[in-house]
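The values are calculated or read from the model by the stated rules, or taken from the named source; none is laboratory data. As the structure is a computational prediction, the values presented were derived from the model and not from experiment. Here the Cβ is made from the backbone with ideal geometry for all residues, glycine too, and neighbour counts use every protein chain on show.
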Amino acid sequence: MRFLELPKAEFAGGELRYIFDTSACYLPEVMQTGEGFEVRLTAAATPRRHVDYITKIYDPRLTDPHVWTLIDNEGERVGYMELAAEQDGRVVRVTNLMVEDGYRRRGYGSLLMSKARAQAKAAGAVSLRAYVSGANVGAVRFLLRQGMTLTGFSALEDELRLELGMRV
């Protein structure tokens, strides 16, 4: 296994395509506990739908983004990850993370997240965060298994967007 950083000059404006089918969505649930409250994620059934989402890498709106691809022992590209620091440098955001179909559930996503944590720590950040659609149940479950917790959420148009984070 090896990580290869993709040069910005060559790959800026490139696209990653996320395709998934879903019949569930993670929703934040707010509950009162004594004098405070607790927020947790709860999976809820939804009508089945197909999601086909395309995103640009090295988006000019990002602050100093870096993109890596993970190459397996046979020389195949199995995953991609893009990180960008927030302006104060205390937070590094995973702006893209994808493992190719056919390579999922083999530990490649965990390797990408290990690299993300290491890069965030090396940059002096205290937190690693990611935004993900609440309907992307597989991605939410993966990030939760990696130790991320719900740090925020927002509703954009017809999509619930979750922010998950962890200390590095």
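Are there any pairs, at least 6 apart or on different chains, whose C-beta atoms fall under 8 Å, with the first in segment 102-120 and within 14 Å of Gly138 (Cβ to Cβ) and the second of a type in the set (Phe, Trp, Tyr), and if so, which?
Qualifying pairs under 8 Å: Gly109/Phe142.
Please go through segment 104-139 and pick out each residue that is modelled with pLDDT of 95 or more and of a type in the set (Phe, Trp, Tyr).
Of everything in segment 104-139, just one residue is modelled with pLDDT of 95 or more and of a type in the set (Phe, Trp, Tyr), namely Tyr108.
Please indicate, with yes or no, whether at least one residue in segment 107-114 is hydrophobic (A, V, I, L, M, F, W, C), surrounded by 20 or more Cβ atoms within 10 Å (Cβ to Cβ), within 19 Å of Met1 (Cβ to Cβ) and out of contact with any Ser or Thr (no Cβ under 8 Å at 6 or more places or on another chain).
Yes, segment 107-114 contains a residue that is hydrophobic (A, V, I, L, M, F, W, C), surrounded by 20 or more Cβ atoms within 10 Å (Cβ to Cβ), within 19 Å of Met1 (Cβ to Cβ) and out of contact with any Ser or Thr (no Cβ under 8 Å at 6 or more places or on another chain).
Scan segment 115-148 for residues that are among the small types (Gly, Ala, Ser) and either within 10 Å of the chain's Cα centre (by Cα) or closer than 20 Å to Leu70 by Cβ (or both) and jot them down.
Ala116, Ala118, Ala120, Ala122, Ala123, Ala130, Ser133, Gly138, Ala139, Gly147
Could you list all residues from segment 112-134 that are over 23 Å from Ala12 (Cα atoms), assigned to a helix (DSSP H, G or I) and polar (S, T, N, Q)?
Matches in segment 112-134: Ser114 only.
Any idea which residue in segment 78-89 is farthest from the chain's Cα centre (by Cα), counting only those that are of a type outside the set (A, V, I, L, M, F, W, C) and surrounded by 13 or more Cβ atoms within 10 Å (Cβ to Cβ)?
Gly89
Among the residues of segment 20-45, what is the count of those that are without any contact (Cβ under 8 Å) to a residue 40 or more places away in the chain and closer than 30 Å to Tyr58 by Cβ?
1
Please specify each residue of segment 43-60 satisfying the condition of being in contact with a Pro (Cβ under 8 Å, 6 or more places away or on another chain) and part of a strand (DSSP E or B).
Taking segment 43-60 as the starting set, the residues that turn out to be in contact with a Pro (Cβ under 8 Å, 6 or more places away or on another chain) are 57-59.
Answer for segment 43-60, where residues must be in contact with a Pro (Cβ under 8 Å, 6 or more places away or on another chain) and part of a strand (DSSP E or B): there is none.
For segment 61-111, give me the residue count where each residue is farther than 18 Å from Glu163 by Cα and in a strand (DSSP E or B).
The qualifying residues number 11.
Suppose we keep only residues that are of a type in the set (D, E, K, R) and over 18 Å from the mean Cα position of the chain (by Cα) within segment 1-13. Which one would you say is surrounded by the fewest Cβ atoms within 10 Å (Cβ to Cβ)?
The residue in question is Glu10.
Identify the residue in segment 14-35 that is small (Gly, Ala, Ser) and modelled with pLDDT of 90 or more and, among all such residues, is surrounded by the fewest Cβ atoms within 10 Å (Cβ to Cβ).
Ser23
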